[in-house]
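Structure record follows, encoded as structure tokens.
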Amino acid sequence: MSGTAKKAPRQPVTLLDFVDEFLVVCPRCALCAVVRPSSGEHPPRLTCTGCGLVREWESRRKGILTSADPSRWPVGQYAVGGAADAYFHEPLWLATPCLGETLWATNARHLAFLRQYVEATDRRAPERADTEPRNSTLASRLPRWLKLAKNRAAVLAAIATLEAKLGAGGRSPPRYENPRSDGGPSLSSGGARPRS
């Protein structure tokens with residue numbers, strides 16, 4: 001490696017920037033299914049191309065629940081913060097044990113963000129305007145075990161395990177890049193849905 005430090009993602013993204021798609025374990029066939037938020041004509045739905053399962057979500061509670069324990073999430077409650085999708089609470093496809101914890105990502109872009117952050121040796125937060133999020137940024141909310149330099153090799157090995165799940169069938173995971181001009185996350189190649 002050269003003398004320059006790898007920099008962590010500099011844009012102020014939050015977990016909510018990665019909830020436009022959840023890769024989950026299909027409850028019927030155990031292959032990779034996708035949960036997407038509502039579109040103009042459909043409520044949030046779970047779809048699996050492996051077995052054809054389609055489920056539509058019905059909200060039963062208002063608001064957003066933030067909790068790291070999906071087993072406590074009530075049915076019909078939109079919830080984030082653990083290794084399950086926000087609607088149906090199905091286990092995430094991109095989850096694996098790591099250092100006695102669970103490393104998880106909602107989708108390929110989230111996993112690419114985690115890789116770039118963990119690989120970084122320069123994680124200084126950029127200066128922000130008063131209107132930008134501070135403690136709600138994803139980088140500020142990551143668990144300590146994931147941030148520790150002494151755990152970098154183990155966390156990167158776990159990320160590689162998850163990338164291999166994405167790479168099934170010859171597809172490669174996207175790479176998280178610098179922000180677009182509008183400040184949102186951008187991706188390079190890849191992004192095709194994994195199957196198994």
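Side notes on the structure shown:
- Pair GLU41, ALA154: separation of 7 Å Cα→Cβ label points (nm): 5.0 nm
- Exposure proxy order (Cβ contacts within 10 Å, fewest to most) of LEU148, LEU114, LEU94: LEU148, LEU114, LEU94
- Residue order, fewest to most surrounding Cβ atoms within 10 angstrom, among TYR78, TYR87: TYR78, TYR87
- Candidate lysines - alpha carbon under 17 Å from LYS6, same-chain residues fewer than 8 apart omitted: LYS147, LYS150
- Scanning residues 5 or more positions from GLN77 or on other chains, those with amide H under 5 Å from its amide H are ARG60, with H placed 1.01 Å from N in the peptide plane.
- The charge dipole of the stretch 66-133, taken about the Cα centre with unit charges on the Cβ atoms of Lys, Arg (+1) and Asp, Glu (-1), comes to about 80 debye, rounded to the nearest 20.
- Residue by residue, the stretch 18-35 carries 3J(HN,Hα) couplings of 10, 9, 7, 7, 10, 8, 10, 7, 4, x, 9, 10, 6, 8, 7, 10, 10, 10 Hz when phi is fed to the Karplus relation 6.51 cos²θ - 1.76 cosθ + 1.60 (θ = phi - 60°); x denotes Gly or Pro.
- Protection-proxy order for peptides 97-103, 115-121, each taking the mean of Cβ atoms within 10 Å per residue, highest first: 115-121, 97-103
Where a number appears in this text, it was derived from the coordinates with a stated rule and is not lab data. On a predicted model such as this, the values are computed, not experimentally measured, just so you know. Positions of Cβ are backbone-derived with ideal geometry, glycine not excepted, and every protein chain shown enters the neighbour counts.
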